[in-house]
Amino acid sequence: MKLSSSRFGFRKYLHYSTTAATVSAPAKSGDSLYRRISPLGAPTVSIVPVLDQWVEEGRGLKKEQLQNIIKELRRYSRFKHALEVSQWMSDKKKFQLSFSDIAVQLDLISKVHGTKLAENYFNNIPEKSKVVEAYGVLLNCYAREKSVEKAEAIMQKMRELGQTTFTFNVMLNLYRQTEKHDKIDLLVQEMEEKGIKFDKFTFSILLNIYADLSQTTEMDRIVQRMESDPNVVLDWNAYSIAAMGFINAGLTEKALEMLKKSECLMLTSKRRRSRAFDFLLTQYATIGKKDEVLRLWELHKKTEKIYNKSYISVITSLLKLDDIEEAEKIFEEWDSSELFYDFRVPNFLIGAYCRKGLMEKAETLIYRARMKGGKPLAHTWYYLAAGYVDVNEMPKAIEALKVAVSAFKPGWKPSGPILVACLEYLKEKGDVEEAKEFLRLLLGKGVLSIGIHDKLSSYMENADLIAQASRLMEEDAVGMDGEVTENLEPKQMGDLFMDEEIKGMSELK
């Protein structure tokens, strides 16, 4: 399970707060500045004219309002607009930037313009402003780029200024990502010697590390320590990491125990429960617990508003359990809902039909989806191509593969055996020109290199294509597994829990 180095409490680390009365969130009704900015979602559209116009209208504007707007824009990953507000606040309004303001601006520069410009900004800020917060942002930039030496240099500087749990979390995760496992124990030992408290992110990173190494005894030890730490507020995420580690180690019962603990904590949580439900569904399916999948799905429907992603999670979980009939029932529920028609939902069922050779059912579902305004995905056509090859309907396979190759982004590679089967069919058919046209399509979309394209064109006329093409497919790194799947796990485990408590870092005076 991947963890993002930029998520270990980072937004908590940078979040604004004031020592005065609590600042309310930006107004979202009536004529407010945030209301004017919010619809301008495209990053190519500057929001500076909106800020200027607000002032020209003689409207008042406090620094705290701008800080709140920056916070909201960052929450929705609108980093370019957040940076525009931050720079406008200092350059045009001439507000004095606090240490927190500078750290936030540095972070935004790194996200919008990259680490090089962030370094330039850092080097040009006053020495008195180069405090822990600013160094922490720079540390996070280097960790994001997996630049170990630069990160270690910043970490050494922070040892002089003062360290936090966050900085250790960033380094622990960096060492995990770069597989420098020998440095992890030393860093943990340093935390303990300096009295740096572990937080839930520390425990989650360590669980991931030991899961990577299949060290289940260490995972057990970390779980026990986490449960006995009175300073750590347990949540479902850490247990879900432990569950995945035990699953990968083949310890199904231990994994089930962790999933049950995760579920109990998830049910008491008030935030991001839908994402938790989705994740747990897929994990119960991974250990073959169909009854748990169906039980949790019914509970999910009773307690949360269901969106497309949840339907995708339960349908793919049931398909993983090879229960097409139950997956079809869930699909009918979705199809009768008023949710946006997301073609990914039927697409997984189409893929299952194709893998089982149920091509008529796949074709019928595609037709039905298109009648509802759905647009088949590139994967849809590839599923069809693979299915047609399996049932030896080669003309259909070739046409579907042509559409798939055209629809995918350049550089995508189809399965070698499927591609070879299509080329062999064209050769046996004696249609060399059609075969060469097909090869030109593959070349133009980056599926084949020029050298492999030229060799295959030659083999189409005077060689044993199957033997030669299979070898060339391997040379050209064309996929040989015969199946395209979409990643159904969370984008990153960091996205499941690093944003949970966006509560504030106190501004330094």
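Computed values, structure above
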item	result
Identity of the residue in the range 393-429, under 12 Å from K445 (Cα atoms) and out of contact with any Pro (no Cβ under 9 Å at 6 or more places or on another chain), that ends up surrounded by the most Cβ atoms within 10 Å (Cβ to Cβ)	P414
Residue that is nearest to the chain's Cα centre (by Cα), among those in the range 237-267 that are open to solvent by 30 Å² or more (accessible area, probe 1.4 Å) and not hydrophobic (A, V, I, L, M, F, W, C)	N248
Pairs with Cβ under 6 Å, 6+ apart, first in the range 52-80 and open to solvent by 60 Å² or more (accessible area, probe 1.4 Å), second assigned to a helix (DSSP H, G or I)	K80/V112
Residue satisfying all of: in the range 81-100; among the small types (G, A, S) and open to solvent by less than 10 Å² (accessible area, probe 1.4 Å); nearest to N123 (Cα to Cα) among these	S100
Residues of the range 189-236 satisfying the condition of being within 22 Å of the chain's Cα centre (by Cα) and not aromatic (F, W, Y)	K200, T202, S204, I205, L206, L207, N208, I209, A211, D212, D235
Cross-chain or 6+ apart pairs with Cβ under 9 Å, the range 282-300 first and more than 15 Å from Y311 (Cα to Cα), then modelled with pLDDT of 95 or more and aromatic (F, W, Y)	K290/Y284; D291/Y284; E292/Y284
Subset tally (residues that are more than 18 Å from V170 (Cβ to Cβ) and in contact (Cβ under 8 Å) with a residue 40 or more places away in the chain) for the range 192-236	3
In the range 376-392, residue nearest to the chain's Cα centre (by Cα) [restricted to those that are surrounded by fewer than 19 Cβ atoms within 10 Å (Cβ to Cβ) and part of a helix (DSSP H, G or I)]	A378
Residues that are of a type in the set (F, W, Y) and over 25 Å from K445 (Cα atoms), drawn from the range 354-392	Y367
Pick from the range 322-338, criterion charged (D, E, K, R) and not in a helix (DSSP H, G or I), ranking: surrounded by the most Cβ atoms within 10 Å (Cβ to Cβ)	D323
Every residue from the range 39-48 that is open to solvent by 40 Å² or more (accessible area, probe 1.4 Å) and within 14 Å of S86 (Cα to Cα)	S46
Residue list for the range 101-150, restricted to those being open to solvent by 30 Å² or more (accessible area, probe 1.4 Å) and either under 24 Å from R75 (Cβ atoms) or in contact with a Pro (Cβ under 6 Å, 6 or more places away or on another chain) (or both)	K111, V112, H113, L117, Y121, R144, E145
Single unsatisfied condition, F279 versus (1) without any contact (Cβ under 8 Å) to a residue 40 or more places away in the chain; (2) out of contact with any Lys or Arg (no Cβ under 9 Å at 6 or more places or on another chain); (3) aromatic (F, W, Y)	(1)
Selection within the range 171-209 - farther than 23 Å from C141 by Cα, modelled with pLDDT under 95 and open to solvent by less than 70 Å² (accessible area, probe 1.4 Å)	G195
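The values are calculated or read from the model by the stated rules, or taken from the named source; none is laboratory data. None of these values were measured; they are calculated from a predicted model. In this analysis, Cβ positions are derived from the backbone assuming ideal geometry, glycine residues included, and neighbour counts consider all displayed protein chains. For the accessible areas, the whole protein counts, side chains as well, though only heavy atoms, and no ligand, DNA or RNA atoms are used. Shrake-Rupley method; radii C 1.70, N 1.55, O 1.52, S 1.80 Å.
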